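Okay, structure first, notes after.
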Amino acid sequence: MPTVVVFNPKGGSGKTTLSTNLAVALSQQGKTVTLHDLDPQLSSSDWLKTRKEHQQTITLSTNESLTGSDWEVFDTPAGWPIDKLSALATEMQYLIIPVLPSSLDIKVSVRFLMSLNKADLLNGGWKIAMVANRVKRSTISQRTLDAFLHHLQIPFVAQLGDSQNYVKAAERGMGIMDLPTHRVKREQIQWQKLLAWLHG
Ligand SMILES: Nc1ncnc2c1ncn2[C@@H]1O[C@H](COP(=O)(O)OP(=O)(O)OP(=O)(O)O)[C@@H](O)[C@H]1O
Ligand SMILES: [Mg+2]
């Protein structure tokens, strides 16, 4: 059963947004999904509680134990130490790192990648990808991101735009894949890249 850990110690980078939207996308593919909310702030848990019953079933867990679902998605808290990630490593198949495309966030991410490297977490048996989140077109942040991508060994598999549709969907316990395509076409196309990487 594939296990996906969404991790970046930097607060507000989009871990919960990615985890919840990923859980929706995978459950829409007919898979059972457990969303592990490891954050004491319980944002993923709150999101799931507002999700209506007729929508695809996603099981909630607030611990690390695997539950036997087709997919297990882990939403981790800000400031989570690397050794916690190491403890999950034996079960981890995918590590997704959301990054905001500001120069400050990118600097933090570079340091964080160096500490992952030091902890021998960049070359295990798992696939690692970065996802640029809240990307605005034609901004200085986009140029900073491009420069970062150029030097990076880890692929940036998707760029998710800055969109109020994420906020609106989250308020209703939904994800981008729950919304009609004509309203969120751009967002859904961006998500297809991440899903293709996961299934590739
Ligand atoms: N692509 C996006 N477009 C617009 N808003 C976004 C996007 N991604 C995340 N947000 C908003 O940014 C805020 C932070 O996102 P989120 O909660 O997913 O980050 P986080 O990494 O889980 O934060 P924390 O470290 O506190 O757990 C939320 O209000 C969320 O709705
Ligand atoms: Mg969060």
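If a residue must be part of a helix (DSSP H, G or I), open to solvent by less than 70 Å² (accessible area, probe 1.4 Å) and free of Cβ contacts under 8 Å to residues at least 24 places away in the same chain, how many such residues does region 14-60 contain? Even if it seems obvious, please write down each step before you answer.
Going residue by residue through region 14-60, those that are part of a helix (DSSP H, G or I) are 15-28, 43-49.
If we keep only those that are open to solvent by less than 70 Å² (accessible area, probe 1.4 Å) as well, we get 15-27, 43-45, 47-48.
Now restrict to residues that are free of Cβ contacts under 8 Å to residues at least 24 places away in the same chain: 45.
Total meeting the criteria: 1.
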| said: Which pairs turn up if I take residues in region 125-148 that are closer than 28 Å to PRO2 by Cβ and look for partners that are open to solvent by 80 Å² or more (accessible area, probe 1.4 Å) with beta carbon separation below 8 Å, at least 6 apart in sequence or on another chain? | reply: none
| Does region 61-72 hold any residues that are small (Gly, Ala, Ser) and either open to solvent by less than 70 Å² (accessible area, probe 1.4 Å) or farther than 23 Å from LEU85 by Cβ (or both), and which are they? | SER61, GLY68, SER69
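I need the full set of residues from region 77-95 which are in a loop (DSSP other than H, G, I, E, B) and either on the phi > 0 side of the Ramachandran plot or touching a helix residue (DSSP H, G or I) at 6+ places or on another chain (Cβ under 6 Å) (or both), in order please. Full working, then the answer.
Residues of region 77-95 that are in a loop (DSSP other than H, G, I, E, B), as a first pass: 77-81, 92-93.
GLY79 - this is the single residue of region 77-95 that is in a loop (DSSP other than H, G, I, E, B) and either on the phi > 0 side of the Ramachandran plot or touching a helix residue (DSSP H, G or I) at 6+ places or on another chain (Cβ under 6 Å) (or both).
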| Out of all the residues in region 186-198, which are within 15 Å of ligand 1 (Cβ to nearest atom) and either closer than 18 Å to GLY12 by Cβ or of a type outside the set (Lys, Arg) (or both)? | GLU187, GLN188, ILE189, GLN190, TRP191, LEU194
| field | Hits in region 155-200 - residues which are of a type in the set (Ser, Thr, Tyr) and farther than 20 Å from TRP47 by Cα | value | THR181
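Starting from residues that are of a type in the set (Gly, Ala, Ser) and assigned to a loop (DSSP other than H, G, I, E, B), keep the ones in region 61-76 and report whichever is farthest from ligand 2 (Cβ to nearest atom). I'd like the intermediate steps shown before the answer.
Looking only at region 61-76, we keep the residues that are of a type in the set (Gly, Ala, Ser), and these are 61, 65, 68-69.
With assigned to a loop (DSSP other than H, G, I, E, B) added as a condition, the list becomes 65, 68-69.
Numbers: SER65: 20, GLY68: 25, SER69: 20 Å.
Checked region 61-76; the qualifying residue farthest from ligand 2 (Cβ to nearest atom) is GLY68.
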| task | Mind telling me which of the residues LYS168, LYS107 ends up being without any contact (Cβ under 8 Å) to a residue 40 or more places away in the chain, under 20 Å from ASN21 (Cα atoms) and part of a helix (DSSP H, G or I)? | result | LYS168
| remark: In the set ARG111, ARG183, the lone residue that is more than 16 Å from ligand 1 (Cβ to nearest atom), open to solvent by 40 Å² or more (accessible area, probe 1.4 Å) and charged (D, E, K, R) is ARG111
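Which of the residues spanning region 10-35 are within 10 Å of ligand 1 (Cβ to nearest atom) and out of contact with any Pro (no Cβ under 8 Å at 6 or more places or on another chain)? Let's see the steps before the verdict.
Applying the first criterion (within 10 Å of ligand 1 (Cβ to nearest atom)) to region 10-35 yields 10-21.
Hits for region 10-35 are LYS10, GLY11, GLY12, THR16, SER19, THR20, ASN21.
I'd like the residue in region 87-101 that is β-branched (Val, Ile, Thr) and open to solvent by less than 10 Å² (accessible area, probe 1.4 Å) and, out of all such residues, is farthest from ASP120 (Cα to Cα). Steps first, answer last, please.
Initial filter on region 87-101 (β-branched (Val, Ile, Thr)): 90, 96-97, 99.
Narrowing further to those that are open to solvent by less than 10 Å² (accessible area, probe 1.4 Å): 96-97, 99.
Details: ILE96: 16, ILE97: 16, VAL99: 21 Å.
Once the filter is applied, the top-ranked residue is VAL99.
The values are calculated or read from the model by the stated rules, or taken from the named source; none is laboratory data. These numbers come from a predicted model, not from an experiment. No Cβ is skipped: glycine too gets one built from the backbone with ideal geometry, and neighbour counts run over all protein chains shown. Keep in mind that these areas ignore ligands, DNA and RNA; they rest on the heavy atoms of the full protein, side chains included. Shrake-Rupley method; radii C 1.70, N 1.55, O 1.52, S 1.80 Å.
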